[in-house]
């Protein structure tokens, strides 16, 4: 059976949905949900993906995210394979946890993105067991539901570190978080009483996009250009789906660019970016989890790696030299992948 084509655009915003295989729930309890969010945070760090919102249900989940590097398939593969491995081990099961491939649609932005955030966050109050309840009870359930990014939008003390709330709140009101959070709460809760039928129809009208007819037409045209002349049905991406590189090769390239001996990678040095950069490249090009990287680099835990990667992102913003070194490392490693 031919595989569905998927075009990946750097800088695009996607609405992603993924369902379980229909036989079992993908989240059986809160421990599963917590483990999924941990894996999600790791994969966001590794693939430089910006998450704007999420919602976990018992048999599916929603993500709305931006991919600066056009690598949505790699990001999702990391997320779902890592979580599936954990799930099968914990529940003594085997095989595929998710149903086929994940669904993704490009989002135009602005009003379409804002309407999408309401749809995603209202998922917990549109299930059959809750939909018939009085509006007041449904509002209460929405505000109690902790397995989505909604609470972080309306209450900053409940925000997840790995979710970027600022862009959506700025669309609601640019005068600051407190004002925007209050307005966003009213905007979402209004969707319980009156369903946005126009958006619901729009959401299902195209297999490619959520947006205007002009946006959909433009994306379809670009899609056709990218797949034109291909004889094999495969993912279409700005980065090929290729095998991970050996750990030692990744470390060798990092040290070559920084001009240091490989022993330095395993030693803590205050202010040095060698280990954070190595951790980033091992996750990205060797396909390792942050826990795997922690073991290799003699760090305490995967959480320690995550902290280093977050600090690294801030340093990169202020250092053109470091950014140039990262680009050089990534270019060399991509060439090695192309040859493998």
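How far is helix 247-258 tilted, in degrees, relative to the longest principal axis of the Cα atoms in the chain, given as a value from 0 to 90 rounded to the nearest 10? Value to nearest ten degrees: 80.
Estimated at 0.36 nm per residue, the fully extended path between residue 307 and residue 94 surpasses their Cα-Cα distance by 73.5 nm.
How would you classify region 47-124 from its alpha-carbon gyration tensor, with a ≥ b ≥ c the square roots of the eigenvalues: rounded for a/c under 1.5, else prolate if a/b is greater than b/c, otherwise oblate? Oblate, because a/c is 1.5 or more while a/b does not exceed b/c. Counting beta carbons within 10 Å around each of 160, 258 and listing the fewest first gives the order 160, 258.
Take 310-320, 204-214 and order them by the average number of nearby Cβ atoms within 10 Å per residue, most first; the result is 204-214, 310-320. Is region 247-339 rounded, prolate or oblate when judged by the Cα gyration tensor, a ≥ b ≥ c being the square roots of its eigenvalues, rounded requiring a/c under 1.5 and prolate requiring a/b larger than b/c? Taking the square roots of the gyration eigenvalues as a ≥ b ≥ c, region 247-339 is rounded. In the chain, the DSSP-assigned H stretches of four residues or longer account for a calculated mean residue ellipticity at 222 nm of -16500 deg cm²/dmol, using -39500 (n - 2.57) per stretch and the full residue count as denominator. For the peptides 15-28, 133-146, the ranking by mean Cβ contacts within 10 Å, running from highest to lowest, is 15-28, 133-146.
Each 10 Å bin from zero up to the one holding the largest Cα-Cα distance in region 143-232 carries the following percent of pairs: 14, 29, 30, 18, 8, 1. For region 12-223, the relative contact order works out to 23 percent when only alpha carbon pairs closer than 8 Å and six or more residues apart are counted.
Peptide packing: for 183-190, 39-46, the average count of neighbouring Cβ atoms within 10 Å per residue gives the ranking 39-46, 183-190, highest mean first.
On full extension, the segment bounded by residue 85 and residue 137 gains 15.0 nm, given 0.36 nm per residue less the C-alpha separation. Ratio of Rg to Rh for the chain: 0.97 [Cα atoms; Kirkwood radius as inverse mean 1/r over pairs]. For region 1-91, relative contact order (Cα pairs under 8 Å, six or more residues apart, normalised by length) works out to 39 percent.
Every number here is computed from the coordinates shown, using simple stated rules; none is lab data. Note that the structure is a prediction, hence the values are computed from the model and not measured. Positions of Cβ are generated from backbone atoms using ideal geometry, with glycine treated the same way; all protein chains shown enter the neighbour counts.
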